[in-house]
Amino acid sequence: MKFFIDTANLAQIKEANDLGILDGVTTNPSLMAKEGVKGNDAIMNHYKTICEMVDGDISAEVFSTDFDGIVTEGKKLAAIHPNIVVKVPMIKDGVKAIKWFTDNGIKTNCTLVFSAGQAILAAKAGAKYVSPFIGRIDDTNWDGVELIAQIAHIYSLQGFETEILAASIRSSLHIVKCAEAGADVCTCPLDSILGLLKHPLTDIGLAKFLEDAKKM
Ligand code: E4P
């Protein structure tokens, strides 16, 4: 399973990348706004900086919701760097645009996916990634991880090549459960990645080893 970091914060991207386990980055308009990135030039430069920092797929989301707008915007984003993946919402014109991008050699990430039916459409249109938002599903008292397992089952049965990118991760346990359920990628906040390191027995065991090492 690949690890992406789900942020537009450059310091956090650097910290995850320095760990040596980072395969890519996902952003969205909310994450870009959180970093105070405003205006077209600043947005383009921010994506360029991320692409230069991380050697892997970098998702950049379109703001348009009509076919022509999505295609125009997506072409500009894709021109920033070969690793840019155009992130397109799961709407009718979005599906149409994903097919256009697929036919024109531009990688896409179909976002805001909340059902297996939507995931089938994204795969049919040729999306490189499909992003089910598992945390937001959990918020509605459904099990987001179950959706990952259902999509993984369908894709494997039908031979779809679209990669399942588990998004809206809220905890380290989510990452483990998504790995079990067959996600190809998990995009996670830095805290959830670092949380995987933690176990009290590791801390206790290390303290004892360090204490005994002094006796050597
Ligand atoms: C990433 O691709 C998604 O935009 C992101 O994971 C959504 O996360 P949230 O539900 O925490 O906003």
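The values are calculated or read from the model by the stated rules, or taken from the named source; none is laboratory data. What you see is a predicted model, and the numbers here were worked out from it, not measured in a lab. Positions of Cβ are backbone-derived with ideal geometry, glycine not excepted, and every protein chain shown enters the neighbour counts. Accessible surface is based on the protein model in full, side chains and every heavy atom, while ligands, DNA and RNA are left aside. Shrake-Rupley method; radii C 1.70, N 1.55, O 1.52, S 1.80 Å.
Among the residues of segment 57-71, which ones are part of a loop (DSSP other than H, G, I, E, B) and within 13 Å of S30 (Cα to Cα)?
Once the filter is applied, which keeps residues that are part of a loop (DSSP other than H, G, I, E, B) and within 13 Å of S30 (Cα to Cα), segment 57-71 yields V62, F63.
Can you tell me which residue within segment 113-146, out of those that are open to solvent by less than 20 Å² (accessible area, probe 1.4 Å) and touching a residue at least 60 places away in the same chain (Cβ under 8 Å), is farthest from N28 (Cα to Cα)? Per the stated criteria, the residue is Y129.
Here is a yes/no grid of residues against (1) surrounded by 24 or more Cβ atoms within 10 Å (Cβ to Cβ); (2) over 20 Å from I84 (Cβ atoms); (3) within 16 Å of the ligand (Cβ to nearest atom):
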{"site": "G94", "(1), (2), (3)": "yes, no, yes"}
{"site": "T102", "(1), (2), (3)": "no, no, no"}
{"site": "I148", "(1), (2), (3)": "yes, yes, yes"}
{"site": "H153", "(1), (2), (3)": "no, yes, no"}
{"site": "H174", "(1), (2), (3)": "no, yes, yes"}
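Within segment 154-208, which residues are outside any loop (DSSP other than H, G, I, E, B), more than 24 Å from K128 (Cα to Cα) and of a type outside the set (S, T, Y)? Matches in segment 154-208: L173, D191, L194, G195, P200, L201, D203, I204, G205, L206, A207, K208.
All conditions but one from (1) more than 13 Å from the ligand (Cβ to nearest atom); (2) surrounded by 14 or more Cβ atoms within 10 Å (Cβ to Cβ) apply to E61; the one that does not is (1). Applying the set (1) under 16 Å from T7 (Cβ atoms); (2) within 15 Å of the ligand (Cβ to nearest atom) to L194 leaves exactly one unmet item: (2). From the residues in segment 46-56 that are outside any helix (DSSP H, G or I) and within 16 Å of the ligand (Cβ to nearest atom), which one is surrounded by the most Cβ atoms within 10 Å (Cβ to Cβ)? Residue satisfying both the conditions and the ranking: V54.
When you look at A207, is it surrounded by 15 or more Cβ atoms within 10 Å (Cβ to Cβ) and either away from the ligand (no atom under 16 Å from the Cβ) or at pLDDT 95 or above (or both), yes or no? No; evaluated as a whole, the condition is false for this residue.
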